[in-house]
Amino acid sequence: MKINLNYIVDTICAIASGERNVNTIIQGDVYTLDAQPDTKYCVFCISQNDHTESSDFIYFNFTLFYINRLTNDESSNELLSQSTGMQVLRNIIRKTCTYLDIDVTNDLVYTNFEQQFADMCAGTYVTVEFQVPLDLCFEDYGDSDDILDRQ
């Protein structure tokens, strides 16, 4: 198994879909939620940040969101949505690390919010950086001299 960007995003989304509170998954810009008036809440969104490489590791960096629609009495489920969001995001991160046998390199800082999308919503987001040993990431395609010889 080689862990590339596509594989890690697919794994995170598959794990998120297994969370009982998650009904919709969005990849990319969280604000695309504005254009989805019939969204089934709760929403999990994964947005990419910069990914970096060192001599031994590649660091995949994402912002993960958990979003729930507020009820008519907006304050009644705001705290519950944020609390649940923190737990769901923590579960997704832990399960991803366990499944892929990788580590998180940063302290997780959960930021709670209230935001108007197509609906008035509340939730939480966290930025996470997964550290993956370089030898698990890429196939060896040989020396560049070999590639030039094929032209």
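The values are calculated or read from the model by the stated rules, or taken from the named source; none is laboratory data. Because the structure is a prediction, the values reported are computed rather than measured. Quick reminder, even Gly has a Cβ in these numbers, built from the backbone with ideal geometry, and neighbours come from all protein chains shown.
For the subset of the range 1-54 comprising residues that are farther than 24 Å from Pro133 by Cα and among the polar types (S, T, N, Q), which member is modelled with the lowest pLDDT? Reasoning before the result, please.
Filtering the range 1-54 for residues farther than 24 Å from Pro133 by Cα gives 17-45.
Then drop every residue that is not among the polar types (S, T, N, Q), which leaves 17, 21, 23-24, 27, 32, 36, 39.
Values: Ser17: 97, Asn21: 91, Asn23: 96, Thr24: 95, Gln27: 96, Thr32: 89, Gln36: 80, Thr39: 87.
The residue in question is Gln36.
Taken over the range 59-91, residues that are modelled with pLDDT of 95 or more, farther than 19 Å from Asp29 by Cβ and of a type in the set (A, V, I, L, M) amount to 2.
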